[in-house]
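Quick note: the coordinates plus some simple rules give every number you see, no bench work behind them. All values reported here derive from a predicted model rather than from experimental measurement. Heads up, the Cβs are rebuilt from the backbone with ideal geometry, glycines too, and the neighbour counts pull from every protein chain shown.
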Amino acid sequence: MRPVRSVVCRELGEPELLEVTDRDPAPCGPGQVRIRVRAAGLNYVDALFVRGGYQIQPPLPFVPGSELAGEITEIGSEVGSAGNDGDGAWQVGDRVLASIGLGAFADEVLVPASVPIRIPEALSFGQAATIGQSYATAWFTLTRRTVVEPDEWVLVLGAAGGLGLAMLDVARCLGARTIAAASGPDRLRLCIERGAHDVVDYSTDELRLRVREITGGGADVAVDPVGGPLAEQALRSLTNGGRLMVLGFASGDIPRLPANQILLRNRSVLGVDWGAWAMAHPEDNRVLFDEVLGAVEEHRLHPVEPTAYPLDQAGRALRDLLERRVVGKACLTTD
């Protein structure tokens, strides 16, 4: 068998320290399947793992990456119907995606047969490898942590990023009206192309005033993966009874929110951690994934095609992600 090529983190630090190495393939266990990885999704959290800035710090060395797409090339001897995902047992050649925690930055992985999910024909390998964190998080945010109603206004910060574009897509799928907040005309143009009803350039506009002008009173939901000073502006842009969804702090600053702005207008601030929920509730998460992929198959969701980097350029890809040179999603390819 050919060697397995992997991106390895041997010391915590900047992504340029990552190494690309070859190793002998491990045998396929009785309850496992072997996946030839065609694309691995790139996410901000991958850079946090490499830098040692995530709340979970795996022992060194480790292979980063949590989501992938590819083809099954080998099936364990005891898989049989255990590999059944509702559409029949796994077969060599099946196109699948998988969320695996760590280890996706490689051209081959071994996973339990229960982990892969069949890829809809509508998705490329790149789209399938990047749909997990972004679309699962967006669907979890807008259907589980809160329930967005048709015609509600949803404000999305960082809207031109991978998660932001997914959030706009999911909100529209649920019948909401969307406001994309980002910086710069190119990013806002992309948001309009992806279906945003209106946009705010928060590098030039005052977010609160512009959102109130667009909505005629305030947004019903504000989705914030950015943090920093924008969080308070997003909170103040909400209408009475509005919900601020806190997803992360890509700006690097954890905000302090004025409690009076929550109290006086009956607003809610809700935390969103899809990853922790998914690990604690795997069966519920499979239902959530089925809902997302069903909406893709019905052409109600439209994931973007990611910017592709070769596997051996993982360091440069993560650097581009950190410095906001990536618009939309990005993936590593192994061909």
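With the Cα gyration tensor of the chain in hand, convert its eigenvalues to equivalent ellipsoid semi-axes via √(5λ) and list them largest first in whole Å.
36, 22, 17
Computed from backbone phi, the HN-Hα couplings of the range 212-227 come to 5, 5, 5, 8, x, x, x, 6, 7, 9, 10, 9, 10, x, 9, x Hz, rounded to whole numbers (Karplus: 6.51 cos²θ - 1.76 cosθ + 1.60, θ = phi - 60°; Gly and Pro given as x).
Measuring max minus min along each principal axis, the C-alpha atoms of the range 133-275 give extents of 37, 33, 32 Å (largest first).
For Glu323 and Glu19 in the same chain, what is the full-extension length gain: residue separation times 0.36 nm, less their Cα-Cα distance, in nm? Don't skip to the end; give the middle numbers.
Numbers: separation 304, 0.36 × 304 = 109.44 nm, distance 2.05 nm.
Extra length available between Glu323 and Glu19 comes to 107.4 nm.
Which value, in debye to the nearest 20, describes the size of the charge dipole of the chain about its Cα centre when Lys and Arg Cβ atoms bear +1, Asp and Glu Cβ atoms bear -1, and nothing else is charged? Before the final figure, lay out the partial values.
Values: 32 positive and 44 negative charges, 164 e Å.
Dipole about the Cα centre, nearest 20: 780 debye.
In the chain, a dipole from Cβ-located charges (positive for Lys and Arg, negative for Asp and Glu) runs towards its positive end, and of Ser124, His281, Pro229 it is Pro229 whose Cα lies farthest in that direction. Residues considered: Asp312, Asp94, Asp186. Largest GNM mean-square fluctuation over the chain, using C-alpha springs under 10 Å, is found at Asp186. Residues considered: Asn240, Asn285, Asn260. Largest GNM mean-square fluctuation over the chain, using C-alpha springs under 10 Å, is found at Asn260. Taking amide H as placed 1.01 Å from N in the peptide plane, Val200 has its amide H under 5 Å from the amide H of Ala180, Ala181, Ala182, each at least 5 places away in sequence or on another chain. Computed 3J(HN,Hα) for the range 144-153, one whole-Hz value per residue from the Karplus formula 6.51 cos²θ - 1.76 cosθ + 1.60 where θ = phi - 60°, is 10, 6, 9, 10, 7, 9, x, 6, 5, 8, glycine and proline marked x. Close amide H pairs (under 5 Å, H built 1.01 Å from N) link Val8 with Glu19, Val20, Thr21, residues at least 5 positions away or on another chain.
Starting from the exponent 0.38 and prefactor 2.2 Å, build the expected Rg for the range 217-317 from its residue count and divide its actual Cα Rg by it.
Normalised Rg, Cα atoms only: 1.39.
Taking Lys and Arg as +1 and Asp and Glu as -1, the other residues whose beta-carbon sits under 13 Å from that of Val45 total -2. For the pair the range 156-180 / the range 1-76, the C-alpha centres are spaced 29 Å from each other. Result for the chain in a Gaussian network model with C-alpha springs under 10 Å: among Met245, Met167, Met279, the largest mean-square fluctuation is at Met279. Only DSSP H runs of four or more residues enter the estimate; each adds -39500 (n - 2.57), and after division by the residues of the chain the mean residue ellipticity at 222 nm equals -8500 deg cm²/dmol. Would you mind counting up the charge near Leu165? Only other residues with Cβ under 9 Å from its Cβ, with Lys and Arg at +1 and Asp and Glu at -1. Every neighbour counted, the sum reads +1.
Determine the sum of side-chain charges near Ser124: Lys and Arg each +1, Asp and Glu each -1, restricted to other residues whose C-beta is under 11 angstrom from that of Ser124. Residues close to Ser124 contribute a combined charge of 0.
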